[in-house]
Amino acid sequence: MSQLTDEIQRRRTFAIISHPDAGKTTLTEKLLLYGGAIHIAGAVKSNKIKKTATSDWMEIEKQRGISVATSVMGFNYGDYKINILDTPGHQDFAEDTYRTLTAVDSVIIVVDVAKGVEQQTRKLMEVCRMRNTPVIIFVNKLDREGRDPFEILDELESELKINVRPLSWPINIGAKFKGVYNIYENTLDLFTPNKQKVTERVEITDIDDPRIDEAVGEADATKLREDIELIEGVYPAFDEKKYLEGKLAPVFFGSALNTFGVKELLDCFVKIAPSPRPTATDEREVRPEEEAFSGFVFKIHANMDPNHRSCIAFVKICSGQFLRNAPYKHIRSGKVMKFAAPTAFMAQKKNIVDEAFPGDIVGIPDTGNFKIGDTITSGEELHFKGLPSFSPEMFKYIENTDPMKAKQLDKGIQQLMDEGVAQLFVNQFNGRKIIGTVGQLQFEVIQYRLLHEYGAQCRWEPISLYKACWIESDDAEALEAFKKRKHQFMATDREGRDVFLADSGYVLQMAQNDFPKIKFHFTSEF
């Protein structure tokens, strides 16, 4: 086997997604602990040291206790190289999460045992279904009171519209929680509520082993056997092929905060999860084992290091081997570029890398050359697809409050828009700048970051708009007539494309009826 195929086989690139507060960042931390990538989890709080979660490193995240930007973390676990993309659970940042899902080969969904499936989780599952992404579900917080595990399984099936198969099973829940029986490996793990140490494992031969009765007591052992019998009767045996096709989701139970059930999840994950898969481009399907390098930018992040005003473009490698200082072609501009300092990430810690393989995520310092969706190759003209911007739903005018800092404000807006956090429209009627986002929280994040990273102050002014839609037409006269009639509501985006700002659903519908020759688009990919 060649080195390239070998490296591809050991890669596992996945995202962890969930509703806010289901324990996604805590799970990420614990996976890093097993990989030896961190030695003390952020959840460990003592009076002397105050640590926050490793993957939430932006200032605003530490203050709010939520993840707002997708973090990338790579580490080795046994023979495997694991790349985790931790995504924001907060719905105001869903767009960042949708884009991240284009860069991963599989997904772990975290569900809170007490709350079950929540709205945000449903939405993200739809994106996984569209792409047939394999999914593993981790039911978290079993050390707290919650719902019956069978009830949770039914809800997962009906809400996420996917078949499930438990690969581990809890013995009681909440205060009486005693541990988990690992169906996949046929072992028993006993729970001791302790965040510091990993729990003991009882070696058993099968479900009828008397050692189970000794460990958990006769009543619980009997109930466990009945549950397992029911599971074997109701759910078909685990089928790896169905999992890889995105049709079956294995389910694990545990408590991420107490580092319980996490290793079982990880051990099964590295065995069954897919290594990097082929990626679709407009031209053809790109296979990871091809010799020639190709990759795409799925995220841009300004100011990873507040001391240096630099942006970093995150590139997902799709095929071939990426080498430092090798000449690569930037397809949109046609330029040939060399990257002297490509980095790999361990949350905020960056290391310069000399080579990377399909499935890896590489950070490239960016001085304004890249946009989300850009393709970089060894020379072939390729365009990776599926990185849309959605039509925003909330709008505000952005105004400069300090005339002396106009330059800083402009630069800050440009860089933050490059990240894809929000979209900028310029009103053609009065020349004012409008920021459009999918959630209220983004306005606060933009204002905060402009002040703390660029030293620019802005204030928001209300504007009542319903939706922004991109318009185009094959009929130049019709387009001109539309723009004349709606001149107060016309804007351009950063690409100079025409955008119609409708102030109500009724107005938008009327416009669509009155101007049949105009096409209205609600994502920027057309």
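The values are calculated or read from the model by the stated rules, or taken from the named source; none is laboratory data. Just so you know, these numbers come straight off a predicted model, no measurement behind them. FYI the Cβ positions are ideal-geometry reconstructions off the backbone, even for glycines, and counts take in every protein chain you see. Quick note on the areas: whole protein, heavy atoms, side chains included, nothing else; ligands and nucleic acids left out. Shrake-Rupley method; radii C 1.70, N 1.55, O 1.52, S 1.80 Å.
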Open item on the list: Let me check I've understood the local charge: for SER18, count other residues with C-beta under 12 angstrom from its C-beta, Lys and Arg +1, Asp and Glu -1. What total comes out?
Closed with: +1
- [ ] Under 14 Å from the Cβ of GLU461, count the other residues' Cβ atoms, weight Lys and Arg +1, Asp and Glu -1, and hand me the total.
- [x] +3
- [ ] For the range 412-417, just list the computed ³J(HN,Hα) in residue order, Karplus coefficients 6.51, -1.76 and 1.60, θ = phi - 60°, integers in Hz, with x standing in for Gly and Pro.
- [x] x, 4, 4, 5, 5, 5
Task: Phi to ³J(HN,Hα) by Karplus 6.51 cos²θ - 1.76 cosθ + 1.60 over the range 216-226, Hz, x for Gly, Pro - done: 10, x, 5, 4, 5, 5, 5, 4, 4, 5, 5
Task: Contour excess over end-to-end distance, with Cα ends at GLU291 and GLN9 and 0.36 nm allotted per residue - done: 100.0 nm
- [ ] Go through the range 14-26 residue by residue and turn each phi into a ³J(HN,Hα) via Karplus (6.51, -1.76, 1.60, θ = phi - 60°); whole Hz please, and just put x for glycine and proline.
- [x] 9, 10, 10, 10, 5, 6, x, 6, 7, x, 5, 5, 4
TODO: Return the whole-Å distance between the Cα centroid of the range 115-153 and the Cα centroid of the range 425-486.
DONE: 35 Å
Task: Full-stretch length increase - ARG284, GLN414 - with 0.36 nm per residue and alpha-carbon distance subtracted - done: 43.5 nm
TODO: Would you mind calculating the gained length between VAL202 and VAL270 on full extension (0.36 nm times residue separation, minus the Cα-Cα distance), in nm to one decimal?
DONE: 22.2 nm
Task: Ranked packing of 332-338, 488-494, most packed first, by mean Cβ within 10 Å - done: 488-494, 332-338
Task: Residue-normalised accessible area of the range 393-526, expressed per residue, 1.4 Å probe, Å² - done: 51 Å²
- [ ] First measure r as the distance between the Cβ atoms of ASP514 and GLN440, then evaluate 1/(1 + (r/R0)^6) with R0 = 41 Å and state the FRET efficiency to the nearest 0.05.
- [x] 0.80
TODO: Within the set of other residues whose C-beta is less than 15 Å from the C-beta of PHE482, count the net charge using Lys and Arg as +1 and Asp and Glu as -1.
DONE: 0
